[in-house]
Amino acid sequence: MTKQKNLDADEVINWDVALKTLAKTIARWTTNREVLQTAIPGLTFFHHNHPTEPGIGVHEPSVCVVAQGAKKIHLEDETFIYDANNYLIASVHMPTIYQVISATPEEPYLGLLLKFDMRELSQLMIDSNLPSPRTKTIERAIATGEMTLPLLGAIQRLASLLDEPESIPILAPMLHREILFRLLNGEQGARLRKIASAGSSSHQVARAIDWLRVNFCEQLRVEDLAESANMSPSSFHSHFRSMTSLSPLQYQKHLRLQEARRIMLAENLDATSAAFRVGYESSSQFSREYSRLFGAPPLRDISQLRRGAAGITS
């Protein structure tokens, strides 16, 4: 896909070359597979020959880039569509519904996800003397931004390191840092700097989200989370919803249900055992909430997932 906006003739050529090279790299490394955790830390490739059914998961802090095709991410009240001209960025762990919406065997969906850590962003802000944003409003922790040629070039060079495995330990961290620098200075840079700035409301809520992500099995008292963020419960609840589109209790429920689904698949656990493992006290409540989120009771859902996985590998 050629990008014409704000590029001169030479830049358009460079854009096309970088995009085609990135697409070829992803396609070559994902032959006969849909997902590949690459040898580069934090870098995952995706390859789909057809549009996918909606899937439910937790989006990690990361930048997502499409070399070919298009994808959709849905929150509780907002939808983001991104393709080769737009990246998707998530600055905290976000429960989302995701779906590949443009893919064919001739032109498959080819994309990547590169994880990052807020500590990396904070340190890079210090090293680069980047100021914290002046506005104090809390925004969604997920957004799309316009892809730029320098950012695309850095991402393409990072992916190409897979052909030079001996160079990965030295060059991959440098390119990862360049990518983060360009994100911090790009269209969504202010959003990232808010969350990476120690002491900001966004940063405090992000820290609470990190705690909740690790301790989702425990009983949740929103008052305690609010106190840890130096906010009143009402202010914390409002900021939390502004950032994630969910209340803290809804967020915890998503994490519990997704972890239960994972362990039922991975460990062959029954629904009752999985429910108690993730913090539910009532198996009937677990089944009701599981059905609402995933569209089927636990036993039927897990059976369908196993049949689908068997079809992919056969």
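Derivation of every value follows stated rules applied to the coordinates shown; laboratory data play no part. Treat the numbers as computed from the prediction; the structure is a model and nothing was measured. Glycine gets a Cβ as well: all are built from the backbone with ideal geometry, and neighbour counts include every protein chain shown.
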Taking only Cα atoms and a 10 Å spring cutoff, compute GNM fluctuations for the chain and point out the largest among SER132, SER122, SER282.
SER282
Two-decimal ratio, region 183-261, of alpha-carbon radius of gyration to 2.2 N^0.38 Å
1.14
For GLU78, GLU166, what ranking results if the residue with the fewest other Cβ atoms within 10 Å of its Cβ goes first?
GLU166, GLU78
Please compute the alpha carbon radius of gyration of region 12-80, then divide it by the globular-protein estimate 2.2 N^0.38 Å. Two decimals is fine.
1.24
Would you pull out the residues with amide H under 5 Å of ALA67's amide H, same chain only if 5 or more places away, H placed 1.01 Å from N?
LEU110, GLY111, LEU112
In this model, which of LYS115/LYS194; LYS71/LYS115; LYS194/LYS253; LYS72/LYS115 are farther than 23 Å apart at the alpha-carbon?
LYS194/LYS253
FRET efficiency, 1/(1 + (r/R0)^6) with R0 41 Å, evaluated for GLU164 and ALA190 via beta carbons:
0.75
Between MET147 and residues 5 or more places away or on another chain, the pairs with built amide H atoms under 5 Å apart involve ASN86, TYR87
When the chain is treated as a Gaussian network with springs between alpha carbons less than 10 Å apart, the largest mean-square fluctuation among PRO233, PRO105, PRO298 is found at PRO105
Region 250-314 versus region 171-203: alpha-carbon centroid distance in Å:
35
Length-normalised contact order of region 108-216, Cα under 8 Å, at least 6 apart, in percent, tallies to 35
The chain, Gaussian network, Cα under 10 Å: of ALA27, ALA103, ALA266, the residue fluctuating most is ALA266
Going by how many other Cβ atoms sit within 10 Å of their own, how do THR137, THR38 line up, fewest first?
THR137, THR38
Dividing the alpha-carbon Rg of the chain by 2.2 N^0.38 Å yields what?
1.05
Computed [θ] at 222 nm, helices only, for the chain once each DSSP H run of length n ≥ 4 contributes -39500 (n - 2.57)
-16000 deg cm²/dmol
Identify the trypsin sites (Lys or Arg not before Pro) of region 122-154 meeting these criteria: DSSP loop state and at most 16 other C-beta atoms within 10 Å of the C-beta.
ARG134, LYS136
Measuring from label point to label point, each 7 Å out along Cα→Cβ, what is the SER128 to GLU34 span in nm?
3.5
What ³J(HN,Hα) values, in whole Hz, does the Karplus curve 6.51 cos²θ - 1.76 cosθ + 1.60 give for region 16-27 when θ = phi - 60°, with x put for Gly and Pro?
4, 5, 4, 5, 5, 5, 5, 4, 5, 5, 4, 4
Segment ASP10-PHE276, extension gain: residue separation times 0.36 nm, minus the distance between their alpha carbons:
89.8 nm
Relative to the Cα centre, what is the charge dipole magnitude of the chain, using +1 at the beta carbon of each Lys and Arg, -1 at the beta carbon of each Asp and Glu, and rounding to the nearest 20 debye?
440
With +1 assigned to the C-beta of every Lys and Arg and -1 to the C-beta of every Asp and Glu, and no other charges, what is the dipole magnitude of region 70-213 about the Cα centre in debye, to the nearest 20?
700
From a point 7 Å beyond the Cα of LEU305 in the direction of its Cβ, which residues of region 52-79 have a backbone N at a distance under 11 Å?
56-57
Determine ³J(HN,Hα), in whole Hz, for all residues of region 206-213 in sequence, where each value follows from phi through the Karplus function 6.51 cos²θ - 1.76 cosθ + 1.60 and θ = phi - 60°; x replaces Gly and Pro.
4, 5, 5, 4, 4, 5, 5, 5
What's the FRET efficiency of SER291 with SER238 using the Cβ-Cβ distance as r and R₀ = 45 Å, to the nearest 0.05?
0.95
Between the modelled labels at GLU227 and GLU146 (7 Å from Cα along Cα→Cβ) the distance in nm is 4.8
